[in-house]
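K.L.:
Attaching a single structure in structure tokens format; questions to follow.
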Amino acid sequence: MPRSLIGAVACFLLAVTFLHGDERPSAKEDRASVKAVLPLYFDKLGLTESQKKGILEVRDDYSVKIRNREEQVRELRRKERAAMEETLTDSQKARLSELRSEKLPKGRQTKPDDKER
């Protein structure tokens, strides 16, 4: 393939990606716009329309409550982390910042080759 054709294709793909990239909704918007569905296997129970409506209303009510509680838990975890960090010395805070900048995988407290001190 001639270089000019490869360059043109690359420019086209970049332009399409750039123009199309912002149209995707955030994860939060995705969850908010998801239509409520019956729980697993409930569609096989021969529910009446009234039962389906009732179940979906319950699910909708609880999903709001659950989202609120999840946000409260996230806030408590932020406060807990801040309170724990207040007990650290300046050098420990600096070291913690260095360790965090290494971006360990979620759920990992230490690297495999790190030894607890």
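The values are calculated or read from the model by the stated rules, or taken from the named source; none is laboratory data. Fair warning: this is a prediction, and the values are worked out from it, not measured in the lab. Glycine gets a Cβ as well: all are built from the backbone with ideal geometry, and neighbour counts include every protein chain shown.
K.L.:
Are there any pairs, at least 6 apart or on different chains, whose C-beta atoms fall under 8 Å, with the first in region 82-105 and exposed (fewer than 10 other Cβ atoms within 10 Å of the Cβ) and the second of a type in the set (Lys, Arg), and if so, which?
P.N.:
Filtered contacts from region 82-105: 102/111.
K.L.:
Ok, one more. Based on this model, can you work out whether residue 76 counts as at pLDDT 95 or above and among the hydrophobic types (A, V, I, L, M, F, W, C)? Lay out the reasoning, then the answer.
P.N.:
Details: at pLDDT 95 or above: yes; among the hydrophobic types (A, V, I, L, M, F, W, C): yes.
Here the answer is yes, as residue 76 does meet what is asked.
K.L.:
For region 7-66, give me the residue count where each residue is in a helix (DSSP H, G or I), of a type in the set (A, V, I, L, M) and at pLDDT 60 or above.
P.N.:
Residues of region 7-66 that are in a helix (DSSP H, G or I), as a first pass: 7-23, 27-33, 42-44, 49-66.
Cutting the leftovers down to of a type in the set (A, V, I, L, M) gives us 8-10, 13-16, 19, 27, 32, 55-56, 58, 64, 66.
Remaining after also requiring at pLDDT 60 or above: 8-10, 55-56, 58, 64, 66.
Of the residues in region 7-66, 8 are in a helix (DSSP H, G or I), of a type in the set (A, V, I, L, M) and at pLDDT 60 or above.
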